[in-house]
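Asker: Let me give you the structure first, and then I'll get to my questions.
The values are calculated or read from the model by the stated rules, or taken from the named source; none is laboratory data. The model shown is predicted, which means the values in this text are computed figures rather than measured ones. Every residue, glycine as well, gets a Cβ built from its backbone with ideal geometry; the counts of neighbours run over all protein chains shown. Ligands, DNA and RNA are stripped out before the accessible areas are found, and what is left, the full protein with its side chains, is counted by its heavy atoms. Shrake-Rupley method; radii C 1.70, N 1.55, O 1.52, S 1.80 Å.
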Amino acid sequence: MGSADSKLNFRKAVIQLTTKTQPVEATDDAFWDQFWADTATSVQDVFALVPAAEIRAVREESPSNLATLCYKAVEKLVQGAESGCHSEKEKQVVLNCSRLLTRVLPYIFEDPDWRGFFWSTVPGAGRGGGEEEDENARPLAESLLLAIADLLFCPDFTVQSHRRSTVDSAEDVHSLDSCEYIWEAGVGFAHSPQPNYIHDMNRMELLKLLLTCFSEAMYLPPAPEGGSTNPWVQFFCSTENRHALPLFTSLLNTVCAYDPVGYGIPYNHLLFSDYREPLVEEAAQVLIVTLDHDSATSTSPTVDGTTTGTAMDDADPPGPENLFVNYLSRIHREEDFQFILKGIARLLSNPLLQTYLPNSTKKIQFHQELLVLFWKLCDFNKKFLFFVLKSSDVLDILVPILYFLNDARADQSRVGLMHIGVFILLLLSGERNFGVRLNKPYSVRVPMDIPVFTGTHADLLIVVFHKIVTSGHQRLQPLFDCLLTIVVNVSPYLKSLSMVTANKLLHLLEAFSTTWFLFSAAQNHHLVFFLLEVFNNIIQYQFDGNSNLVYAIIRKRSVFHQLANLPTDLPAIHKALQRRRRTLEPLSRTGSQEGASMEGSRPAAPAEPGTLKTSLVATPGIDKLTEKSQVSEDGTLRSLEPEPQQSLAEGSPAKGESSQAWREQRRLSSPSASGQWSPTSDWVLSWKSKLPLQTIMRLLQVLVPQVEKICIDKGLTDESEILRFLQHGTLVGLLPVPHPILIRKYQANSGTAMWFRTYMWGVIYLRNVDPPIWYDTDVKLFEIQRV
């Protein structure tokens with residue numbers, strides 16, 4: 001039968017379903033088979049031929065028919081999994097049912113009354129009836145998930161058959177050991193099967209259905225404590241799924257082994273269409289959803305990979321452990337870590353290759369999913385995190401992240417990408433090794449819209465951060481605390497900053513210490529504290545190599561004197577706030593002598609008007625996001641309990657005041673929102689007295705007269721002579737006793753867990769446009785907005 005005929009027949013069946021007012025019996029196979037038996041419809045056809053309005057109409061007007069359609073489609077998948085799908089016809093039925101369910105499920109999820117449907121048992125729907133009772137009582141959701149898992153390891157359908165002859169009855173589905181059929185070599189599996197286009201496409205369709213099953217999470221509003229577990233994911237990743245390990249491994253290896261370059265030959269992708277990419281994207285999306293697990297509230301795996309809680313602790317067990325999270329946390333072989341890290345770094349760098357060898361490689365689009373995956377790996381597997389930081393391989397992750405941050409800084413639709421990039425760098429910056437690695441010279445010249453500099457990866461990081469602060473869009477302001485915390489965390493280890501970077505840091509201090517900025521919001525002074533901490537760390541611990549920074553501090557010494565003499569009387573405060581009217585945008589003032597941007601770079605562009613984006617929940621403030629630790633003499637960290645009185649003085653949330661309310665106050669504390677927060681003399685005095693200026697003032701006291709003397713003696717305006725003097729100068733014995741190094745380490749919390757859930761599902765929603773699985777359904781986890 002021609003494809004036009006089969007489309008027509010399928011459409012007829014849909015029309016019959018929507019026009020029948022009477023329930024159709026489940027036993028009426030002649031009717032139900034029209035939906036899957038004789039048709040050859042692509043997933044795009046199914047979406048076109050089953051309009052949303054008709055699915056909703058059946059749901060409202062003949063619910064029993066929608067229920068029977070779902071139940072019959074699941075039954076067909078179960079039968080296909082049982083039989084092993086040997087004939088072409090059986091394979092076609094499985095694919096048709098899979099596409100139909102992918103189309104219908106979102107409309108089941110969007111209606112609260114239907115949400116329990118898949119978790120109920122269908123009366124009299126025992127498989128074959130002859131089996132024992134408890135088999136018959138499986139909820140529909142469980143039958144569906146187990147069938148998908150079986151079908152993903154179905155010889156000659158989704159995996160290569162190992163049997164030589166066809167006479168041999170095909171492998172028995174029940175005795176098949178799926179660990180021998182892992183899809184790709186890598187972690188825990190050495191054999192790389194022959195690529196097979198048909199198998200890849202079939203896997204992709206089934207993974208699409210699996211992702212759609214998991215997407216019930218999109219139809220629940222964000223929970224304040226992120227506590228809800230997804231029952232679909234929970235069951236699929238439990239011991240009930242005998243394929244959990246090989247499937248986890250297959251997904252991880254498929255993603256990490258993918259090489260979009262076209263097997264190492266530049267431009268090869270122009271000759272061969274790459275059918276692997278859709279499978280890899282789908283695998284990455286399924287993987288990050290199965291790993292959606294709030295490590296702050298549950299027993300999280302410890303460093304050695306065993307879980308911290310024992311089974312005895314749980315008076316009320318939280319349901320079966322998520323095996324995917326468990327397996328991920330227990331990977332420990334160096335070669336496995338190497339394979340994962342190399343794979344992720346290769347894929348993250350792919351868009352950068354595009355910029356200096358245009359079209360040489362296929363450009364991948366799933367870098368956001370990869371960043372979520374990398375985050376999960378570091379968060380759940382501390383041994384992986386230490387491995388990443390053990391060598392300069394971490395820079396292969398850092399450079400692409402800085403590239404994405406710089407590229408997305410003006411684009412409102414990519415706020416989520418900005419956040420996850422910064423979160424990853426915050427997590428890494430909590431480890432001493434990260435700061436040390438940044439001293440490696442930066443030589444790769446990825447064209448980026450930043451000033452040209454000669455220096456290290458630390459210079460690259462600070463120059464990009466400066467760009468984000470001074471020329472990003474407004475919505476990024478909540479990230480400033482995070483950006484500066486990262487710089488503080490790495491500062492004690494930075495051996496030598498370039499002159500360009502030193503000037504950028506002082507420009508930030510200038511911008512953040514204008515009286516208008518300091519007095520216009522309750523938290524703004526924190527940014528000055530962070531920058532002073534950076535300068536103090538470098539002066540105390542890395543003075544020798546940092547003559548550029550010392551010179552920049554001397555040149556801009558007036559900024560420090562102004563801070564020391566900050567006015568605290570009310571008239572002066574009000575006058576400062578009035579001044580804002582005349583000088584808009586204190587941060588983009590061009591006081592930083594922007595050098596020419598790198599050759600071949602394009603300016604960071606704002607989003608095209610009309611671009612779709614999904615809303616995100618607010619992220620926790622830096623005090624919730626991090627925990628202070630002190631670095632001891634031997635390099636070990638000691639956690640510091642925050643002193644209660646100090647946190648109050650600095651304007652953190654008071655006791656009993658939720659951080660949400662505090663964030664609101666911070667957002668609304670500009671003078672224009674009259675009746676909101678306004679600065680007082682006492683408030684300014686409370687933090688002005690704590691400004692850590694002693695070290696810098698002592699440095700200026702010692703060095704400024706000496707530098708002035710050189711200038712007068714030699715009639716110099718030349719920097720190089722002064723720099724030479726500073727390089728050989730020393731302040732040993734002249735500075736205050738070095739302060740202990742403070743590191744603010746990321747700590748898991750339910751606020752970020754919820755943020756990741758909304759971000760991840762938002763990405764998946766927007767990326768699945770062909771077919772548009774969730775488009776125009778009533779999602780509740782986020783709002784869809786147009787820029």
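Asker: Rounded to whole Å and ordered largest first, report the semi-axes of the equivalent ellipsoid of the range 199-262 derived from its Cα gyration tensor (root of 5λ). Walk me through the numbers before you get to the answer.
Answerer: Details: eigenvalues 136, 48, 32 Å².
That gives 26, 16, 13 Å for the three semi-axes.
Asker: Under a crude label model (7 Å from the Cα following the beta-carbon direction), how far is S6 from D713 in nanometres?
Answerer: That separation, rounded to one decimal, is 9.1 nm.
Asker: In square nanometres, what is one fourth of the surface area of the convex hull spanned by the alpha carbons of the range 1-121?
Answerer: Over every viewing direction, the Cα hull of the range 1-121 projects on average to 7.4 nm².
Asker: Farthest toward the dipole's positive end in the range 27-128, which of C85, W32, A73, given Cβ charges of +1 (Lys, Arg) and -1 (Asp, Glu) about the Cα centre?
Answerer: Most positive-ward Cα: C85.
Asker: Could you give the nm distance between label points at V769 and D259, where each point is 7 Å from its Cα heading toward the beta carbon?
Answerer: Output for this residue pair reads 3.1 nm.
Asker: Follow-up question, since we're still on this one. So how much slack lies between M598 and I784, counting 0.36 nm per residue of separation and subtracting their Cα-Cα distance, in nm?
Answerer: Gain on extension, M598 to I784, equals 63.4 nm.
Asker: Of the heavy-atom accessible surface of the range 727-775 (probe 1.4 angstrom), what whole percent is carbon and sulfur?
Answerer: 63 percent
Asker: For T454 and L640, what is the calculated FRET efficiency with R₀ set at 30 Å and r taken between the beta-carbons, to the nearest 0.05? List each step's numbers first, then the result.
Answerer: On the way: r = 38 Å, r/R0 = 1.26.
Here the calculated transfer efficiency is 0.20.
Asker: Of all accessible surface on the range 1-121 at a 1.4 Å probe, what whole percent is carbon and sulfur?
Answerer: 54 percent
Asker: Subtract the Cα-Cα distance of L723 and Q706 from 0.36 nm times their separation in residues, and report this length gain in nm to one decimal.
Answerer: Stretched fully, the L723-Q706 segment lengthens by 4.9 nm.
Asker: Now for a different question. What ³J(HN,Hα) values, in whole Hz, does the Karplus curve 6.51 cos²θ - 1.76 cosθ + 1.60 give for the range 762-768 when θ = phi - 60°, with x put for Gly and Pro?
Answerer: Going residue by residue, I get x, 4, 5, 4, 6, 7, 8 Hz, with x marking Gly and Pro.
Asker: Probe of 1.4 angstrom, ligands and nucleic acids ignored: what's the accessible area per residue over the range 1-121, in square angstrom?
Answerer: Details: 5060 Å² over 121 residues.
Computed with neighbouring chains in place, this is 42 Å² per residue.
Asker: Give the separation of the Cα centroids, the range 538-552 to the range 42-68, in Å.
Answerer: Comparing the Cα centres of the range 538-552 and the range 42-68, I get a distance of 68 Å.
Asker: Give the relative contact order (percent, whole number) for the range 347-460; include only Cα pairs under 8 Å separated by 6+ residues.
Answerer: Relative CO of the range 347-460 lands at 25 percent.
Asker: Separate question: Only Cα pairs under 8 Å and at least 6 apart count here; give the relative contact order of the range 415-515 as a rounded whole percent.
Answerer: Contact order relative to length: 38 percent.
Asker: Still on this structure, I have one more. List the lysines whose Cα lies under 26 Å from the Cα of K7, skipping any in the same chain that are fewer than 8 positions away.
Answerer: K20, K72, K76, K89, K91, K208
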